[in-house]
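Student: One structure is given below, represented as structure tokens, and several questions about it will come after.
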Amino acid sequence: MKIIVCVKVINGELNPFDESALECALRLSDDVTVVSMSPLSAKPELERLTRLGARVIMISDALYAGSDTLATSYILSETIKKLDFDLILCGRQSIDGDTAQVGPMLSQMFGIPVITNAMSVSADGGKISVSTRSGKEQAQCPALVTVERGYVLRFPSIFSRQSEIVPLSNADIGCDAAKCGLAGSPTRVIKTFENNRGRRGCKFISRSELYPLIEKLKKENKRSETRVQSDKKLKEVWVVGNEVLDAAHAIAEHAVLIEKTTPEAIAKRAKLEKPEVILWNADPWGRKNAPIAAAILNTGLCADCTELETDGKELFMIRPARGGRVTAKIKCLTRPRMATVRTKTQSAEIIVAAGRGAKDVLDKVENFREEIGAEFGTSRGLVDDGKASYERQIGLTGKFVCPKIYIAIGISGAVHHTCGIEGSGTVIAINPDKNARIFDYADYGIAEEF
Ligand SMILES: Cc1cc2nc3c(=O)[nH]c(=O)nc-3n(C[C@H](O)[C@H](O)[C@H](O)COP(=O)(O)OP(=O)(O)OC[C@H]3O[C@@H](n4cnc5c(N)ncnc54)[C@H](O)[C@@H]3O)c2cc1C
């Protein structure tokens, strides 16, 4: 079986999801080709992969700089067209952008089936069987699979030799320049800024005040957050599924509810009726199917928007950027403009969320959670460390929650996390670092170890 693995090198290191995809490929076949669109600085990391027995193709050209997900998928597809393959594997997402768009877009460009978020993959006679968190799926090859962080990439054998990587530029690949780099990228960052949304005035309290405070808050009926309404509105937007209706009403006079059928059917209707905007819920279904529709419609898609704004003409899509240090305001130059939007999950009355700082006291957190009758939540820090499951992750790429009381234990308060707790009635943070960002987003703080 001939397998292509698409990988991204971020700050000199292989994206962890792509490491997992590569290990999955090496277990399935000894005919593995790694394809990476990377700056020249990625070369040493890519060369390392040749010691695992993979052939490595590095795509690099000044023309490709500034490519968004649509342009990246196009460049990768033009490269892979020159190769023979049965299966393409991608990591579920890259840890810098976290859009999870390239895999589904690439599958659309080849017109092959895609299965996302694979925990494990097996192959038998031209057919693949994939286990995902929601069950088992099968597909006939050629197919594309995006892989979770379920596999640990092997170390090279001490007898292995490093071989040359194959460098390709646009002279070899022959992409249409208008579809590459900034010119071929329909999404544009207009500005980045510090976002104070969700900030609360923190009152520091002592440990002994915690239980009486929880009892008092339980009796109150405080849940906050409604979407910010734009003064001027767009005439009409499409929403795929009713979860995003409130986001649509915040920016448009009228919302057309589109049934969740297939991305092909939705794109076909959009080609005929030419909507200005299509909004999708940023749940696993939307994250898989919106990129496919975007690739069919050849339009820009902004992932995981936390807010939408309009001046009555333009649509501004807002999401954290640069590792969460800033918020980016993004617009889309093509039509329809598309976004996946974060929506709130119905939450328990109380959530106790543990972060990386609580990793050694998880038993204690669990007892506390049970004692006050709360649900368990977590930060990505703890998920990344393998101490909590992704289903429990709260934040930009997890769930957006709205409990009466949110108690964050050992969480630093990165914007990716705090944007997911803005809907909480009262936030209590426990962290020994009094300067931790989480306290700016809490109503009450206990500056102590848990
Ligand atoms: C595109 C993208 C999307 C992301 N999506 C998410 C997301 O959905 N959700 C999410 O959470 N993150 C997300 N992240 C990651 C996010 O930026 C942070 O890295 C992550 O939230 C950090 O987790 P943490 O607060 O548990 O760990 P850390 O940042 O390591 O913080 C641990 C904290 O614990 C405190 N501590 C230490 N010891 C104790 C103790 N004994 N008791 C109490 N406190 C203690 C420390 O002072 C520290 O503040 C995303 C990142 C990117 C780039």
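Student: From the residues in the range 298-325 that are assigned to a helix (DSSP H, G or I) and open to solvent by 30 Å² or more (accessible area, probe 1.4 Å), which one is nearest to the ligand (Cβ to nearest atom)? Break it down into steps so the answer makes sense when it comes.
Tutor: Filtering the range 298-325 for residues assigned to a helix (DSSP H, G or I) gives 322-324.
Now drop any that are not open to solvent by 30 Å² or more (accessible area, probe 1.4 Å), which leaves 322-323.
Working: R322: 9, G323: 5 Å.
Of everything passing the filter in the range 298-325, G323 is nearest to the ligand (Cβ to nearest atom).
Student: The conditions are (1) among the β-branched types (V, I, T); (2) more than 13 Å from the ligand (Cβ to nearest atom); (3) part of a strand (DSSP E or B), and T334 fails exactly one of them. Which is it?
Tutor: So the condition that T334 fails would be (3).
Student: Could you check, for the range 329-341, whether at least one of its residues is loosely packed, with under 15 Cβ neighbours inside 10 Å and without any contact (Cβ under 8 Å) to a residue 40 or more places away in the chain? Lay out the reasoning, then the answer.
Tutor: Within the range 329-341, the first condition is being loosely packed, with under 15 Cβ neighbours inside 10 Å, and the residues that meet it are 333.
Checking which are without any contact (Cβ under 8 Å) to a residue 40 or more places away in the chain leaves us with none.
Checking the range 329-341: not a single residue is loosely packed, with under 15 Cβ neighbours inside 10 Å and without any contact (Cβ under 8 Å) to a residue 40 or more places away in the chain.
Student: If G135 satisfies every condition in (1) open to solvent by 70 Å² or more (accessible area, probe 1.4 Å); (2) without any contact (Cβ under 8 Å) to a residue 12 or more places away in the chain but one, which is the exception?
Tutor: Here G135 clears every test but (1).
Student: List every residue pair whose Cβ atoms lie under 6 Å apart, where the two residues are 6 or more positions apart in sequence or sit on different chains, the first residue falls within the range 172-195 and is among the basic types (K, R), and the second residue, located anywhere, is crowded, with 20+ Cβ neighbours inside 10 Å.
Tutor: Partner pairs satisfying both residue conditions: K179/Y74.
Student: Every residue in the range 201-236 that is under 26 Å from G373 (Cα atoms), modelled with pLDDT of 95 or more and in a loop (DSSP other than H, G, I, E, B), please.
Tutor: Within the range 201-236, C202, I205, S206 meet the criteria.
Student: Does the range 339-354 hold any residues that are in contact with a Ser or Thr (Cβ under 6 Å, 6 or more places away or on another chain) and either polar (S, T, N, Q) or more than 16 Å from the ligand (Cβ to nearest atom) (or both), and which are they?
Tutor: none
Student: I've got another one for you. Of all residues in the range 342-370, which are over 24 Å from I95 (Cβ atoms) and either in contact with a Phe, Trp or Tyr (Cβ under 9 Å, 6 or more places away or on another chain) or surrounded by 22 or more Cβ atoms within 10 Å (Cβ to Cβ) (or both)?
Tutor: Correct list: K344, S347, I350, I351, V352, V361, K364, V365, E366, F368, R369.
Student: Please tell me if V189 is over 30 Å from L52 (Cα atoms), assigned to a strand (DSSP E or B) and open to solvent by less than 80 Å² (accessible area, probe 1.4 Å).
Tutor: Values: over 30 Å from L52 (Cα atoms): yes; assigned to a strand (DSSP E or B): yes; open to solvent by less than 80 Å² (accessible area, probe 1.4 Å): no.
Judged against the criteria, V189 is not a match.
Student: Okay, moving on. Any chance you could count how many residues in the range 138-157 are open to solvent by 30 Å² or more (accessible area, probe 1.4 Å), under 22 Å from the mean Cα position of the chain (by Cα) and farther than 14 Å from R27 by Cα?
Tutor: Counting residues in the range 138-157 that are open to solvent by 30 Å² or more (accessible area, probe 1.4 Å), under 22 Å from the mean Cα position of the chain (by Cα) and farther than 14 Å from R27 by Cα gives 1.
Student: Here's a follow-up. If you check V35, V56, which single one turns out to be within 24 Å of R287 (Cβ to Cβ) and either of a type outside the set (D, E, K, R) or assigned by TED's automatic domain parsing to the domain that holds L297 (or both)? Steps first, answer last, please.
Tutor: Working: V56 fails: within 24 Å of R287 (Cβ to Cβ).
Going through V35, V56 in turn, just one is within 24 Å of R287 (Cβ to Cβ) and either of a type outside the set (D, E, K, R) or assigned by TED's automatic domain parsing to the domain that holds L297 (or both): V35.
Student: So is R161 touching a residue at least 40 places away in the same chain (Cβ under 8 Å), of a type outside the set (V, I, T) and surrounded by 12 or more Cβ atoms within 10 Å (Cβ to Cβ) or not? Steps first, answer last, please.
Tutor: Working: touching a residue at least 40 places away in the same chain (Cβ under 8 Å): yes; of a type outside the set (V, I, T): yes; surrounded by 12 or more Cβ atoms within 10 Å (Cβ to Cβ): no.
In short, no.
The values are calculated or read from the model by the stated rules, or taken from the named source; none is laboratory data. Predicted, not measured: the structure shown is a model, and the values here were computed from it. Counting neighbours? That spans all protein chains shown, and the Cβs are built from the backbone with ideal geometry, glycine included. Ligands, DNA and RNA are stripped out before the accessible areas are found, and what is left, the full protein with its side chains, is counted by its heavy atoms. Shrake-Rupley method; radii C 1.70, N 1.55, O 1.52, S 1.80 Å.
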